[in-house]
């Protein structure tokens, strides 16, 4: 009995170690995703102001009523929008903010949604990352306090 229990325990331990790391799902077809990570994990009140050229907010988005997060993942929170809403240019314009507190140096940000369907943003970092691995490397360069 003891030998069987030890064998079962060893099998379970190997199975747990062999489990793949939890990954973040790619956005569905026709969608754009913006992922955001904060060191303090406090996402209350943070939203996404996003617009198409020439400065027209996406439907339902106002500065005082930013787009709320679509959900959470292992990275932090994320927003998902329809790529078609951005118009023919493909420019995805955005600001992550809480009231007048803005991320990425307070600059208007944009990326080419025809090329990239998802980006990653670390709080306190002005850069935009195009993969989760790049975002993790960026955080390693500027670790959380």
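The table for this structure:
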quantity	calculated
Odd one out for residue 125, checked against (1) in a loop (DSSP other than H, G, I, E, B); (2) out of contact with any strand residue (DSSP E or B) (no Cβ under 8 Å at 6 or more places or on another chain); (3) surrounded by fewer than 18 Cβ atoms within 10 Å (Cβ to Cβ)	(3)
Condition broken by residue 144, with the remaining ones in (1) under 17 Å from residue 46 (Cβ atoms); (2) surrounded by 14 or more Cβ atoms within 10 Å (Cβ to Cβ) satisfied	(2)
Count - residues of the range 96-113 that are surrounded by fewer than 19 Cβ atoms within 10 Å (Cβ to Cβ), assigned to a loop (DSSP other than H, G, I, E, B) and in contact with a strand residue (DSSP E or B) (Cβ under 9 Å, 6 or more places away or on another chain)	2
Filter result (in a loop (DSSP other than H, G, I, E, B) and under 16 Å from residue 129 (Cα atoms)) within the range 26-45	26, 27, 38
Residue 48, sole failed condition from (1) under 13 Å from residue 32 (Cα atoms); (2) assigned to a helix (DSSP H, G or I); (3) under 13 Å from the mean Cα position of the chain (by Cα)	(2)
Residue satisfying all of: in the range 51-95; in contact with a helix residue (DSSP H, G or I) (Cβ under 7 Å, 6 or more places away or on another chain) and part of a strand (DSSP E or B); modelled with the highest pLDDT among these	92
Set 3, 41: member being modelled with pLDDT of 95 or more and out of contact with any helix residue (DSSP H, G or I) (no Cβ under 8 Å at 6 or more places or on another chain)	41
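The values are calculated or read from the model by the stated rules, or taken from the named source; none is laboratory data. What you see is a predicted model; the values in this text were computed from it and never measured. Virtual Cβ from ideal backbone geometry, glycine too; neighbours counted across all protein chains shown.
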